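Q: Sharing a structure below in structure tokens format, with a few things to ask.
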Amino acid sequence: MPLGLRRKKNKSRESSHLVENEEVGGVGKPELNGGSGGVAPPPAALRPRLVFHTQLAHGSATGRIEGFSNVKELYSKIAEAFSIQPTEILFCTLNTHKIDMEKLLGGQIGLEDFIFAHVKGIKKEVEVFKAEDALGLTITDNGAGYAFIKRIKEGSVVDGVKVICVGDHIECINGQNIVGTRHYEVARMLKDLPKDKPFTLKLVEPMKAFDMLEPRSKGGKPGGENKIGTGKGTLRLRSKGPATVEDMPTEFEEKAVKKVDDLLESYMGIRDTELSATMVEVGRDKVNPDEFAMALDEALGDFAFPDEFVFDVWGAIGDAKQGRF
């Protein structure tokens with residue numbers, strides 16, 4: 001069968017409380033592991049009973065949350081702990097209150113990770129003149145409907161517009177509201193904007209404490225060496241099915257996910273460690289590119305990946321298996 005991905009659609013309260021001046025890092029131990037992916041989430045009482053500590057990134061008391069199985073449920077638990085709306089949360093970082101894209105919460109949380117929630121701050125509107133085909137932006141999303149800027153390439157078109165910062169949520173493009181649009185679609189929309197014409201962005205920046213104000217970050221180097229978590233295991237969040245407690249990523253997994261994430265940025269202008277980890281998992285036991293392409297189509301039918309990208313991902317997974325990174 002020739003390589004090629006068909007385009008198709010996939011069919012698809014335990015209390016929290018605030019703890020003043022609590023020590024960072026204490027967590028509960030898992031009592032039950034979640035089931036396998038692809039099935040309906042189990043009742044809350046049967047989910048992994050893990051307690052995580054959290055704060056609002058701009059400053060707050062410490063909250064304790066548990067009983068979540070995906071990112072949306074995690075945001076709901078955090079919102080409940082701090083009496084805010086889940087829609088106020090833009091994204092979360094692990095073990096730092098700073099807007100550090102190398103510490104962004106993705107599909108895995110270390111069992112001893114401390115979660116910092118970054119909430120909506122100042123809204124701003126900016127006009128950008130697209131002088132080049134590439135804007136120099138890398139887009140990601142929070143898994144709950146908000147796309148935001150993960151990297152700004154130095155010397156790029158957007159780098160010259162100093163009001164645009166890493167961590168800014170992209171709310172509208174040329175007056176079109178894109179809340180709920182996946183990051184790869186936002187990246188495509190920005191790429192398709194006509195050259196040598198201006199366009200308008202409505203942005204929402206994360207709220208910052210006064211002591212956090214500092215020069216704009218470029219978002220850090222892609223695929224840094226920071227570990228996902230500091231504990232001996234991780235809680236793996238899935239868009240479908242329950243969360244599962246797993247061992248820390250192996251060296252093969254870390255290297256393969258990093259390379260696939262780099263390829264996502266190169267081909268599609270996005271970074272998404274959860275998507276990269278899913279692709280590595282899908283390709284782990286496949287024997288040839290065609291089998292891998294069919295498995296990707298089955299698992300990620302909403303994505304339309306170029307054939308060249310699929311070949312390169314297959315090669316990256318093979319290189320990681322052979323230890324050639």
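Q: Filter the trypsin sites (Lys or Arg not before Pro) in the stretch 145-184 down to the DSSP loop ones having no more than 16 other Cβ atoms within 10 Å, then list what survives.
A: Values: sites: Lys150, Arg151, Lys153, Lys162, Arg182; in loops: Lys153, Lys162, Arg182.
Sparse-neighbourhood loop trypsin sites (Lys or Arg not before Pro): Lys153, Lys162.
Q: Assign one of three labels to the stretch 244-310, namely rounded, prolate or oblate, based on the Cα gyration tensor with a ≥ b ≥ c the square roots of its eigenvalues; rounded applies when a/c is under 1.5, prolate when it is not and a/b is larger than b/c, and oblate otherwise.
A: Because a/c hits 1.5 or more and a/b fails to exceed b/c, the stretch 244-310 counts as oblate.
Q: What is the percent carbon and sulfur in the accessible area of the stretch 262-325, measuring with a 1.4 Å probe over the protein chains and ignoring ligands? Before the final figure, lay out the partial values.
A: On the way: 1350 of 2730 Å².
Looking at the stretch 262-325 in its full context, I get 50 percent from C and S.
Q: Moving on to the next point. Count the net charge of all other residues whose Cβ sits under 12 Å from the Cβ of Gly121, scoring Lys and Arg as +1 and Asp and Glu as -1.
A: +1
Q: Sticking with this one: Check which residues have an amide H placed less than 5 Å from Leu56's amide H, if you skip close sequence neighbours.
A: Amide H neighbours of Leu56: Ala117.
Q: While we're on this one: Please compare each pair in Lys150/Lys202; Lys130/Lys153; Lys98/Lys130; Lys286/Lys321; Lys72/Lys255; Lys259/Lys321 to a cut-off of 19 Å on the Cα-Cα distance and tell me which ones are over it.
A: Working: Lys150/Lys202 16 Å; Lys130/Lys153 15 Å; Lys98/Lys130 30 Å; Lys286/Lys321 12 Å; Lys72/Lys255 28 Å; Lys259/Lys321 12 Å.
Those over the limit are Lys98/Lys130; Lys72/Lys255.
Q: For the stretch 141-180, just say rounded, prolate or oblate: build the C-alpha gyration tensor, square-root its eigenvalues into a ≥ b ≥ c, call rounded for a/c under 1.5, and beyond that prolate if a/b exceeds b/c, oblate if not. Provide the component values of the computation, followed by the final result.
A: Working: a/c = 3.02, a/b = 1.60, b/c = 1.89.
Cα axes put the stretch 141-180 in the oblate bin.
The values are calculated or read from the model by the stated rules, or taken from the named source; none is laboratory data. The structure displayed is predicted, hence computed values, not measured ones. A quick note on method: Cβ atoms are made from the backbone with ideal geometry, for glycine too, and the neighbour counts reach across all protein chains shown. Heavy atoms of the whole protein, side chains included, go into the accessibility calculation; ligands, DNA and RNA do not. Shrake-Rupley method; radii C 1.70, N 1.55, O 1.52, S 1.80 Å.
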